[in-house]
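Report on the following structure.
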Amino acid sequence: MTVAPANGPRLLQITDTHLFADPAAEHAGVIPEARLQAVIAALQPWLESAEAIVHTGDLVHDGTLAAYRRLRDRLNALDRPGRVMPGNHDAREPLESVFAAGAFSTDRTLRVGDWTLISLDSLQVGEVPGRLSADELAALDRALAGLATPWCLIALHHPPLPVGTPWLDAIGLAEPDALLERVAADPRIRGLVCGHVHTPFNGRWHDRRMLTTPATAAQFLAGARRFTSVSAAPGFRWLDLRADGGIDTDVVRVPMD
Ligand SMILES: [Fe+2]
């Protein structure tokens, strides 16, 4: 696997690890633990050129402390600062307790060179679609008001814009306008990076990047009208955050034997 030369501080994204307390458990025809281990192995040559890592939610599938702790240990072993945020399958309390401190945490912001990564929590308890509470939006406003870098990238689990897969677009971020209005109004916000859809998407909205990334766990069929998993390889994304506010990025697939 060839590592692209870095063009600016490099951020790596993994998403939708969907771990269970039982490392042998299956979900949608795959063993999430085995796939995560394969992705982590494939990440190794990329870590040398990476400054930070973001996990955009659905950390675990069963909400157990055991699964969160195992994921935390695997992520902290990558030896880079990282951020995590909940997805719809997560349980906020155990997630926040396990990731309260350490290299990987739920802290709101992470400086990556001339950029700031801002994490948002879009989990609505008991619901599949996401929503940003008034408190989350206020926290975003505070992070933007205190921004110490020229550029920023927002990370959240649920995409606020359609990605072209109807059943997933129906369960994305509900009432996304409050977020999108802020994005449109602030030229420092250069993009949004999300999980949830288990499939890659690379689009633009108001000259901002709108990115989603394959899960490390099961893969979904892009364009499907109803839930359809496919036997595609898991993957991750690299993002080079350029000094001019641009983002060079691509997805790397990790073939399973
Ligand atoms: Fe997921």
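For the reader, a short list of remarks on this structure follows.
- Our estimate of slack between residue 142 and residue 125, defined as 0.36 nm per intervening residue step minus the Cα-Cα distance, is 3.7 nm.
- Longest segment of the chain lacking GluC sites (Glu not before Pro) that sit in a DSSP loop with at most 11 other Cβ atoms within 10 Å: 128-257
- Per residue accessible area in Å² of the range 1-104, where ligands, DNA and RNA are left out and the probe is 1.4 Å: 39
- Kirkwood's formula applied to the C-alpha pairs of the chain gives a hydrodynamic radius of 17.9 angstrom.
- Label zone at residue 107, where the point sits 7 Å out along the Cα-to-Cβ direction: the range 62-83 residues whose backbone N lies under 14 Å: 80-83
- All other residues whose Cβ lies under 9 angstrom from that of residue 214 are scored, Lys and Arg at +1 and Asp and Glu at -1, for a net of +1.
- Percent accessible area from carbon and sulfur atoms, the chain, protein chains only, probe 1.4 Å: 51
- FRET efficiency estimate (nearest 0.05) - Cβ-Cβ, residue 174 to residue 25, R0 41 angstrom: 0.90
- Under 12 Å, Cβ to Cβ, from residue 181 - net charge with Lys/Arg +1 and Asp/Glu -1: -3
- Note, ³J(HN,Hα) from phi for the range 24-29, Karplus 6.51, -1.76, 1.60, rounded to Hz, x at Gly and Pro: 8, 5, 9, 9, 6, x
The values are calculated or read from the model by the stated rules, or taken from the named source; none is laboratory data. Computed from a predicted structure; not experimentally measured. When we count neighbours, we look across all protein chains shown, and the Cβ atoms used for this are built from the backbone with ideal geometry, even at glycine. With ligands, DNA and RNA removed, areas are computed over all heavy atoms of the protein, side chains included. Shrake-Rupley method; radii C 1.70, N 1.55, O 1.52, S 1.80 Å.
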